[in-house]
Amino acid sequence: MTLLRPVPRTPAPAPLGAGGSEVLRLITVQRVPVCLTVHANGRRRYGYWQAAAGCYVALPTDECDALHAAGRLVLGDPVIDPSKTTYPVRPAVRPTARPAVRSVVRAPATAAEVPRQALTA
């Protein structure tokens, strides 16, 4: 006898817009660290240092804040200066997706269903 029961699923995250997916891609594949700088006046700025061009590249704050609020970005341990606090930013580790299938629960086998095994010496 076979019984089916539903497997609980976690809700899917909200789909990203074009800007959000591009920002998440940049943060995920960056070879340089991305940081969030929070200034003493409350201004927030996400960005990274581009060594080849020798300049600081800012990322869109609204998109990054939305990704952080959605749990797609994780902030690391802060580095605190008198005028600002800097957090390393990395993508959140996402659990691997499991297929949406139903698990099969089998009733205990009876003696008639268990195959016999030959005894060997």
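The values are calculated or read from the model by the stated rules, or taken from the named source; none is laboratory data. Treat the numbers as computed from the prediction; the structure is a model and nothing was measured. Here the Cβ positions follow ideal geometry from the backbone for every residue, glycine too, while neighbour counts run over all protein chains shown.
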- Just need a number here: residues in the stretch 39-59 that are at pLDDT below 90 and either basic (K, R) or surrounded by 13 or more Cβ atoms within 10 Å (Cβ to Cβ) (or both). 3
- Query: Which of the following residues is touching a helix residue (DSSP H, G or I) at 6+ places or on another chain (Cβ under 8 Å), modelled with pLDDT of 85 or more and within 21 Å of S83 (Cβ to Cβ): L36, L67?
  - Reply: L36
